[in-house]
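S.K.: The structure is given below, and queries will be raised subsequently.
The values are calculated or read from the model by the stated rules, or taken from the named source; none is laboratory data. What you see is a predicted model, and the numbers here were worked out from it, not measured in a lab. Cβ: placed from backbone, ideal geometry, glycine included. Neighbour counts: every protein chain shown.
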Amino acid sequence: MRMMSVCVEGARDAHGGALVNLIHSYTDNGDPFVRKFTDELLAEVSRPFFATLHKWLFSGELYDPFEEFFVSSDSSLGHVAYVHPSSIPGGINNHVTDGGFGGAFNPDNDDDLGLREDGQKLWEAKYQFRKDMLPMFVGEPFGRKIFSIGKSLNFIRYSCLDSDWVVTREKMSNTGGTLQYNDIAGLERSIDSAYYVASHRLFEVFIEKFKLLHHLSALKSFLLLGHGDFADQLMETLGPSLARPANTLYRHNLTANLETAIRSSNAQKDPVDTLRRLDARMLEYSHGEIGWDVFTLEYKVDPPIDTVLDQGAMEKYLKLFKHLWQMKRIEKTLDKGWMRVTGSAKSFLRLPELDFEWHKIRIVMAEMIHFIRQLEAYCRLEVIECSWKVLIDFLNKKEGDLDALIGAHRTYLDRMTKKILLWNPKPGKEELVLRQLLDIFALILQFRDATDNFYNHCLTESARKDQELDAERGVYTGNAKDESTHSSDTLPTLLDRLKEYATGFSDRVQALVLQLQIHPDLDCRFLGIRLSFSDYYKSKKDQQSAKA
């Protein structure tokens, strides 16, 4: 009676899991009679808990009118069922003709945005884990597993509309047995078995039914420019347009160029549903910006895939695309410049006085080409492909729950973002290396413009000499005197500008290499070694110091 009195007094302000914990605390007693009494009492008191646990564990349903369970529900978040875009009025089949591209959703449609937002929130915010209501004999590790099992079943049933979820529930019930306080070991075995079945089924639903791997592969191929021929074709078709002011560009023209690039590359062999999710658009722009500053590709997903590919993840993909797209622009610009300064050399045979200047231009351009190709190889092989392999290995194992899947994808994205953008974790220096890299990109483009101007000058000068030779033979083809005067006035300016950009590029790359050599990330330090081939920039620094 005294023991019962103590339990009743202590239980005045406790209920649910907290009450079970209170009674369970009295089991740690040296008196066998007290232990037996509290065990029997606890077996009776915990029956409602185990009834709620059974329903949550094997059906994903939470029936807790008195809020006694260690899982709480947010009633304001309803279930968001997956609806294929083709079944939405004005969806894919109405917006896009057969074989066309341009996106499954209209980004200006508030309903579409609402679906994505709710789908993202449902998994993380619908149910919450309450540690204070968790019975001590369960333990937090198993409590977390129970929490995950119920969430997974609920998500499979309502958000994924899995027609085989009943089979999944039967598998779990067959392996579960009876849940009761007197058989804690059996309870732990049931939790482990149910966790494996529910998590495995959730992986199957995401990978097989909703083609998660196809979406991840599409993001890698398009937004991370994994389809090399597609990226080249898109650059060719869009290049002239993107050089114009941003306010003169129209989305339907960008979409048409995107479709042309897809049809001109192996990307046309991708599934139609994947291509329909791909879209071209412009970011918000300000006065003075051009198309290169605001163009981006967009890949649209719908529930429940947006649980993994949420809004934050898509923003990181867009940030990576913008950076990789800049690198692709630099690469193509240098390729065209190299073809011009080497393939058109015969046009300047009558200008021997400028041969040495062209030789210096070719040396600087070769240095720039080496820089951008080493940078691209680093991003593609050492960052993207290595990160992709880690993610695929995780997906193939099918271990863990949806939280583990979301975590693996976020790790994959974070790793790429930090390494590609050369992120420095030191406070105040996070974007220092990135800013240096963007300055180098700007100098390369300025050098290419100066090279084009010098090329045009040489072309004019060569034409003038041809006109002089024609005049000596009595053939008059134009007034060469005015052109000569104009060209000779601009030559020193052109040469000074070329020298300024070439020196600025070399100095900034040297500073970048020095920053990479002390970078906390090992891969970034190796990038510094690759950029400074044969310690080129180190020896150049020593030469400059010796001259000083």
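S.K.: Being over 25 Å from the mean Cα position of the chain (by Cα) and farther than 30 Å from Phe505 by Cβ is true for just one of Asn257, Asn247. Which residue is that?
M.R.: Asn247
S.K.: Only one of (1) at pLDDT 90 or above; (2) within 18 Å of Leu216 (Cβ to Cβ) fails for Asp306. Which number is that?
M.R.: The number of the failed condition is (1).
S.K.: Same structure, new question: Tell me whether the range 461-481 contains one or more residues that are modelled with pLDDT of 80 or more, among the aliphatic types (A, V, I, L, M) and in contact with a Ser or Thr (Cβ under 6 Å, 6 or more places away or on another chain).
M.R.: no
S.K.: Can you pull out the helices (runs of 4 or more DSSP H) entirely within the range 244-319 that have at least 1 residues that are loosely packed, with under 15 Cβ neighbours inside 10 Å and not assigned by TED's automatic domain parsing to the domain that holds Ala442?
M.R.: Filter on the range 244-319 gives 251-263, 272-276.
S.K.: Would you mind stating whether Val433 is part of a helix (DSSP H, G or I), over 22 Å from the mean Cα position of the chain (by Cα), within 20 Å of Phe505 (Cβ to Cβ) and not aromatic (Phe, Trp, Tyr)?
M.R.: So Val433 fails the test.
S.K.: Here's a check for you: in the range 392-411, which residue that is within 15 Å of the chain's Cα centre (by Cα) and closer than 22 Å to Ile146 by Cα is surrounded by the most Cβ atoms within 10 Å (Cβ to Cβ)?
M.R.: Once the filter is applied, the top-ranked residue is Leu405.
S.K.: Also, I was wondering about something else. Any residue that is modelled with pLDDT under 90 and either surrounded by 15 or more Cβ atoms within 10 Å (Cβ to Cβ) or outside the structural domain of Ala463 (by TED's automatic domain parsing) (or both) - is there at least one of those in the range 370-382?
M.R.: No - not one qualifying residue is present in the range 370-382.
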